[in-house]
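Engineer: Dumping the structure here so I can ask a few things about it.
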Amino acid sequence: QVQLVESGGGLVQAGGSLRLSCAASGSGFSINDMGWYRQAPGKQRELAALITKGASTNYADFVKGRFTISRDNAKNTVYLQMNSLKPDDTGVYYCFADAAHSPLFSYPRSWGQGTQVTVSS
């Protein structure tokens, strides 16, 4: 089983920056994709950014050019650098990890507990 612990959320003014971190712990697995979802108040959770084990990235249109996702495979940690933040970026950010025990056995997607990001105007 993979446990994910997030950190780095908080309150920031519009135009500011935050950096989120998410560390995976546990044993007996390798991690493939990692990433971040955002859940704005009253809305469904939506994918913000994803990074593969080989460091290929994919961004939602609403974060392109402002957010950067990265990872440290040695530390099983994924980061989300958020710049030029807007009030619309307010929400709970959840990290995820797709881990596998072997090439033939994948675990269900693991989720972090969520970290609140609030952007004031």
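Engineer: Provide Phe105, Phe96 ordered by accessible surface of protein heavy atoms (probe 1.4 Å), highest first.
Structural biologist: On the way: Phe105 105, Phe96 0 Å².
Solvent-accessible surface, decreasing: Phe105, Phe96.
Engineer: Now a separate question. Under a 1.4 Å probe, what is the accessible area of the chain per residue, stated in Å²?
Structural biologist: Working: 6260 Å² over 121 residues.
Ligands and nucleic acids excluded, the figure is 52 Å² per residue.
Engineer: Determine ³J(HN,Hα), in whole Hz, for all residues of segment 10-26 in sequence, where each value follows from phi through the Karplus function 6.51 cos²θ - 1.76 cosθ + 1.60 and θ = phi - 60°; x replaces Gly and Pro.
Structural biologist: x, 9, 9, 7, 3, x, x, 10, 9, 10, 9, 10, 8, 10, 9, 10, x
Engineer: Quick one: with all protein chains in place, what share of the accessible area of the chain is carbon or sulfur, to the nearest percent (1.4 Å probe)?
Structural biologist: The value for the chain is 49 percent carbon and sulfur by accessible area.
Engineer: Per residue, what volume in Å³ does the convex hull of the Cα atoms of the chain enclose?
Structural biologist: Here the figure is 96 Å³ per residue.
The values are calculated or read from the model by the stated rules, or taken from the named source; none is laboratory data. Everything numeric in this text was worked out from a predicted model, so none of it was measured. Calculation scope for accessible area: heavy atoms of the full protein, side chains included, ligands and nucleic acids excluded. Shrake-Rupley method; radii C 1.70, N 1.55, O 1.52, S 1.80 Å.
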